[in-house]
1. Scan segment 128-135 and give yes if some residue there is closer than 16 Å to residue 239 by Cα and of a type in the set (Asp, Glu), otherwise no.
2. Please state which one of 105, 134 is open to solvent by 40 Å² or more (accessible area, probe 1.4 Å) and not in a loop (DSSP other than H, G, I, E, B).
3. Tell me, please, whether a residue that is over 24 Å from residue 284 (Cβ atoms), touching a strand residue (DSSP E or B) at 6+ places or on another chain (Cβ under 6 Å) and either outside any loop (DSSP other than H, G, I, E, B) or touching a residue at least 12 places away in the same chain (Cβ under 8 Å) (or both) can be found in segment 39-59.
4. Based on what the data block shows, is residue 268 farther than 23 Å from residue 4 by Cα and of a type in the set (Gly, Ala, Ser)?
5. Which residues, taken from segment 241-257, are under 20 Å from residue 14 (Cα atoms) and either open to solvent by 10 Å² or more (accessible area, probe 1.4 Å) or of a type in the set (S, T, N, Q) (or both)?
6. For residue 230, which of the numbered conditions (1) in contact (Cβ under 8 Å) with a residue 24 or more places away in the chain; (2) part of a loop (DSSP other than H, G, I, E, B); (3) within 17 Å of residue 165 (Cα to Cα) fails to hold?
7. What residue, of 19, 4, 29, is farther than 24 Å from residue 193 by Cα and open to solvent by less than 10 Å² (accessible area, probe 1.4 Å)?
8. Taking segment 298-333 as the search range and keeping residues that are without any contact (Cβ under 8 Å) to a residue 40 or more places away in the chain and of a type in the set (Gly, Ala, Ser), which one is least open to solvent (accessible area, probe 1.4 Å)?
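The values are calculated or read from the model by the stated rules, or taken from the named source; none is laboratory data. Predicted model, so just to flag it, every value in this text is computed and none were measured. Every residue, glycine among them, receives a Cβ derived from its backbone with ideal geometry; neighbour counts consider all protein chains shown. Only protein heavy atoms, including side chains, enter the accessible area calculation; ligands, DNA and RNA are left aside. Shrake-Rupley method; radii C 1.70, N 1.55, O 1.52, S 1.80 Å.
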Amino acid sequence: MAYTSIDDPSVYFQTALYTGNGNSSQAQTNTGNSDLQPDWVWIKKRAGGSARSHQLYDSSRGVTKLLHSDSTDAETTQSAGLTAFSSDGFTVGDDDGIGANTATYVAWQWKANGGTTTTNDASSTGVGGLDSVYQANTTAGLSIVTYTGSGSNTTVAHGLGNIPEVIIFKKRTDDTEDWLVYHHTQGNAAAGKLNSNAAFETGSGSLFDSTTPTSTVFSIKTNSKVNDSSDTYVAYCFSEVQGYSKFGSYTGNGNADGPFVYTGFKPAWVMFKATTGTENWGIFDNKRNTQTGNPRDIYLMPSANNADSSESDSVDFLSNGFKWRISSGFRNADGVKFIYMAFAESPFVSSEGVPT
């Protein structure tokens, strides 16, 4: 087996930092090794004026269609939000949450299929029990799925060709609902809430029908968070790609000499959450620290609208994983299980078997 199929992760994931200028059309260009036309863009105001919610856009739902990871709000149209996906970046307007003059922002970006979608007519293809539209990147393990609920137990095609280890669901229309997170380490009867600091809920068979996703479909029951009749939903599906992405778990030790988590690559982005207790989600990346190299001290919380926060000597991003350097309960409470998602800056070993 090859060490990795992705030698340059910047083809599929990049983090961009920018400062707003208050204009109605602000083009942001990526600076990675490769050009990246993003299909899922997650933007957060870091500093400057009042705190603002996370801004999530994707090319399947279309420009200006906004969701907030820290809110249960339904999808809205933000004409001054993200207005274009470009060949190597994106364009934003002057909304305070995305482009206010002198405010600073971070944008995490993933590539799916360049906005090109596939419509799955379940009755014709025999795949899934509910029609869906998916935009899949089988190389990078990302699929953006949109569907309309039926209110009956069913399955939905995702197009990945591999079993998704993580699925993030959000109801788009009608009323407010939590974001739901399926993570394979927690099993098919458990769910987290991206917009909340609440623990993962076990016994959530009413969500995923206590059924593990397959290489073609995921299962949903009749809960309104995932399957209300006539309401629309989006699901972001992820499958691991060796040397590029890892979706696992670790147990905290409550010590400044914290656990080392092997990923098989140097991380560019890590999101984590305690599965018990009331701790927020957190994100560290390889761009927001002002110093060169480790440790990474600056984080944001997907479940809160807070600006950049910092705790000294938080985490080291190493050539083959990450290591916690702090005893904080937020990321390293003694005996607590944490789940994580991580994407690569560079693989530990290239596709040619050469250490990078």
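1. Looking for residues that are closer than 16 Å to residue 239 by Cα and of a type in the set (Asp, Glu), one finds none in segment 128-135, hence no.
2. The match here is 134.
3. Yes, some residue in segment 39-59 is over 24 Å from residue 284 (Cβ atoms), touching a strand residue (DSSP E or B) at 6+ places or on another chain (Cβ under 6 Å) and either outside any loop (DSSP other than H, G, I, E, B) or touching a residue at least 12 places away in the same chain (Cβ under 8 Å) (or both).
4. So residue 268 fails the test.
5. 241, 242, 245, 246
6. Just one mismatch for residue 230, condition (3).
7. The match here is 4.
8. Only one residue fits best here, namely 314.
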